[in-house]
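Visitor: Got a structure for you, questions after.
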Amino acid sequence: MDDNLPGRLADAPVRLCIEAGQPVRYRLWLAGEVRISGDESAARQGLAGDWYGHPLGLRCSGADNVRRCDLTVDGEAAWSAELALPR
């Protein structure tokens, strides 16, 4: 999923990839660099990263082959997406 962040981080390109496998892995790119990476169990608890001193958080949940992922920046909701797991 490719998108741009809204609000004060407007136009910062964001990309979230889900890699199928055991375990499923998540990678979030922000402004062209991987900022958050981890497996599914960690993503359900919440993954953390950093973007130029701004704390990032990514939490993903779901069932079957659909995941909803929510990104926070500085503790505030910044972006969300629903993605289907690759088969």
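Visitor: Kirkwood hydrodynamic radius, computed over distinct alpha-carbon pairs, for the chain: how many Å, to one decimal?
Guide: Values: mean 1/r = 0.0777 Å⁻¹.
Value: 12.9 Å, from the Cα pair sum.
Visitor: In a shell of Cβ-Cβ distance under 9 Å around Cys60, excluding Cys60 itself, what net charge do Lys and Arg (+1) and Asp and Glu (-1) give? Write out the running numbers ahead of the final one.
Guide: On the way: positive: Arg44, Arg59, Arg67, Arg68; negative: Glu40, Asp70.
Net of charged neighbours comes to +2.
Visitor: Of the heavy-atom accessible surface of region 26-83 (probe 1.4 angstrom), what whole percent is carbon and sulfur? Provide the component values of the computation, followed by the final result.
Guide: Values: 1360 of 2970 Å².
Carbon and sulfur: 46 percent of the exposed surface of region 26-83.
The values are calculated or read from the model by the stated rules, or taken from the named source; none is laboratory data. Quick caveat: nothing in here was measured; it's all calculated off a predicted structure. We place every Cβ from the backbone using ideal geometry, glycine too, and count neighbours over all the protein chains shown. In case anyone asks, the SASA skips ligands and DNA or RNA and just uses the protein heavy atoms, side chains included. Shrake-Rupley method; radii C 1.70, N 1.55, O 1.52, S 1.80 Å.
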